[in-house]
Amino acid sequence: MHDLSLAIPQDALALGAASLGMVLFVESVKALAANGIFSSASSRKVMHVGAGPLFLLFWPLFTKDGSLVASLVPLAMTLKFAATGLGLVRNDAEVRSMSRTGDRRELLRGPLLYGFAFVALTKLCWRSAHGVAAMMALCFGDGMAEVVGRRFCPPGSSGRLPWSPRKSWVGSAAFLASAVVSSSIYFELFRMWGWIGPERLALLAQLTVACAAGAAVESLPWVEIDNVLVPLVVAGVLARLRAN
């Protein structure tokens with residue numbers, strides 16, 4: 001009983017801190033976009049890449065059984081996206097910073113799926129190697145694939161994928177490299193926090209295979225649904241490899 005009474009305030013305080021941190025992050029990006037410092041495309045990409053790594057830094061504040069409470073943070077943000085996309089709440093700054101065309105209904109596709117992926121990963125993959133790898137693949141991998149692909153292989157140039165002309169070989173390579181590197185960095189944090197074991201080479205090999213599977217899925221010509229498929233595949237493959 002004594003442990004439970006301590007756990008509830010800790011998770012409540014952690015929920016408040018994580019919520020405040022995420023709100024400050026989102027509102028800062030929106031303010032920069034509103035003042036012309038970030039373009040709509042840049043602000044959308046900063047949110048896509050930065051939200052996951054930032055949210056993971058709040059996980060140590062929660063108790064070891066605090067996954068459900070922690071998942072309320074991305075759930076609240078996702079429901080806010082839904083309310084804006086449905087027109088229940090008017091938030092022009094949010095629409096400008098998170099949509100490609102300025103249509104609020106875009107928030108009901110990519111951003112909504114992105115948010116629900118965060119909720120699922122937090123609740124189902126709490127403090128696990130496959131959970132952090134899935135989140136880094138979604139944030140850094142998917143995000144850098146578009147950035148690098150557009151920069152070094154613009155539309156109409158060679159190097160585009162034959163089965164998905166909107167995407168490129170260099171973009172897929174950027175996905176793999178950025179997902180593996182970012183996951184490896186967070187693995188070190190997870191080791192420091194005592195959540196995963198000391199093995200490195202075996203986990204790196206397994207991570208590379210899982211992220212390669214994620215890169216293959218990301219390369220498919222499916223718009224926005226990769227926000228769900230990529231983390232699902234990366235988490236599933238890595239969990240299976242680690243279980244063998």
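The values are calculated or read from the model by the stated rules, or taken from the named source; none is laboratory data. Remember, predicted model here, so these are calculated numbers, not experimental data. Using ideal geometry, Cβ is built from the backbone for each residue, glycine included, and neighbour counts are taken over all protein chains shown. The protein model used for the area step is the full one, side chains on, heavy atoms only, and it has no ligands, DNA or RNA in it. Shrake-Rupley method; radii C 1.70, N 1.55, O 1.52, S 1.80 Å.
Are any residues in the stretch 28-53 crowded, with 17+ Cβ neighbours inside 10 Å and either of a type in the set (A, V, I, L, M, F, W, C) or not in a helix (DSSP H, G or I) (or both), and if so, which ones?
Correct list: 29, 33, 38, 46, 47, 49, 51.
Which residues, taken from the stretch 208-236, are open to solvent by 70 Å² or more (accessible area, probe 1.4 Å) and modelled with pLDDT under 95? Outline the logic, then answer.
Initial filter on the stretch 208-236 (open to solvent by 70 Å² or more (accessible area, probe 1.4 Å)): 209, 221-223, 225, 232.
Hits for the stretch 208-236 are 221, 222, 223, 225.
Looking for something outside any helix (DSSP H, G or I) and out of contact with any Pro (no Cβ under 6 Å at 6 or more places or on another chain) - is there at least one such residue anywhere in the stretch 74-86?
So in the stretch 74-86, the residues outside any helix (DSSP H, G or I) come out as 86.
Next, only the ones that are out of contact with any Pro (no Cβ under 6 Å at 6 or more places or on another chain) stay: 86.
Taking every residue of the stretch 74-86 in turn, at least one turns out to be outside any helix (DSSP H, G or I) and out of contact with any Pro (no Cβ under 6 Å at 6 or more places or on another chain).
Within the stretch 74-94, is there a residue that is open to solvent by less than 30 Å² (accessible area, probe 1.4 Å), under 19 Å from residue 135 (Cα atoms) and polar (S, T, N, Q)?
Scanning the stretch 74-94 turns up at least one residue that is open to solvent by less than 30 Å² (accessible area, probe 1.4 Å), under 19 Å from residue 135 (Cα atoms) and polar (S, T, N, Q).
Among 239, 205, which is the only one that is out of contact with any His (no Cβ under 8 Å at 6 or more places or on another chain), open to solvent by 20 Å² or more (accessible area, probe 1.4 Å) and at pLDDT 95 or above? Give the steps one after another, and end with the answer.
On the way: 239 fails: out of contact with any His (no Cβ under 8 Å at 6 or more places or on another chain).
On inspection, the qualifying residue turns out to be 205.
Among the listed residues 120, 173, identify the single one that is open to solvent by 10 Å² or more (accessible area, probe 1.4 Å), among the small types (Gly, Ala, Ser) and either over 18 Å from residue 53 (Cβ atoms) or modelled with pLDDT under 95 (or both).
Numbers: 120 fails: either over 18 Å from residue 53 (Cβ atoms) or modelled with pLDDT under 95 (or both).
Only one candidate passes the filter, namely 173.
Would you tally the residues in the stretch 33-76 being at pLDDT below 95, in contact with a Gly (Cβ under 7 Å, 6 or more places away or on another chain) and aliphatic (A, V, I, L, M)?
Residues that pass the stated criteria total 1.
Under the condition of being of a type in the set (S, T, N, Q) and outside any helix (DSSP H, G or I), which residue from the stretch 95-117 is least open to solvent (accessible area, probe 1.4 Å)?
Taking the stretch 95-117 and keeping what is of a type in the set (S, T, N, Q), we get 97, 99, 101.
From what is left, the residues that are outside any helix (DSSP H, G or I) are 99, 101.
Working: 99: 1, 101: 111 Å².
Among them, the one singled out is 99.
Return the pairs, sorted by first residue and then second, in which the second residue is of a type in the set (Gly, Ala, Ser) and in a loop (DSSP other than H, G, I, E, B), the first residue lies in the stretch 148-161 and is under 19 Å from residue 216 (Cα atoms), the beta carbons are less than 6 Å apart, and the residues are 6+ apart or on different chains.
153/159; 161/219
Does any residue in the stretch 231-244 that is among the basic types (Lys, Arg) come within less than 9 Å, Cβ to Cβ, of a residue that is not in a loop (DSSP other than H, G, I, E, B) six or more places away or on a different chain, and which pairs are these?
Between residues of the stretch 231-244 that are among the basic types (Lys, Arg) and residues that are not in a loop (DSSP other than H, G, I, E, B), the close pairs are 240/130; 240/210; 242/129; 242/130; 242/202; 242/203; 242/206.
Which one of these is free of Cβ contacts under 8 Å to residues at least 40 places away in the same chain and of a type in the set (Ser, Thr, Tyr): 71, 42?
42
Please enumerate the residues belonging to the stretch 207-244 that are of a type outside the set (Gly, Ala, Ser) and in contact with a Phe, Trp or Tyr (Cβ under 6 Å, 6 or more places away or on another chain). Reasoning before the result, please.
Start the filter on the stretch 207-244 by keeping residues that are of a type outside the set (Gly, Ala, Ser), which leaves 207-209, 211, 217-218, 220-234, 237-238, 240-242, 244.
Passing the criteria: 218, 227.
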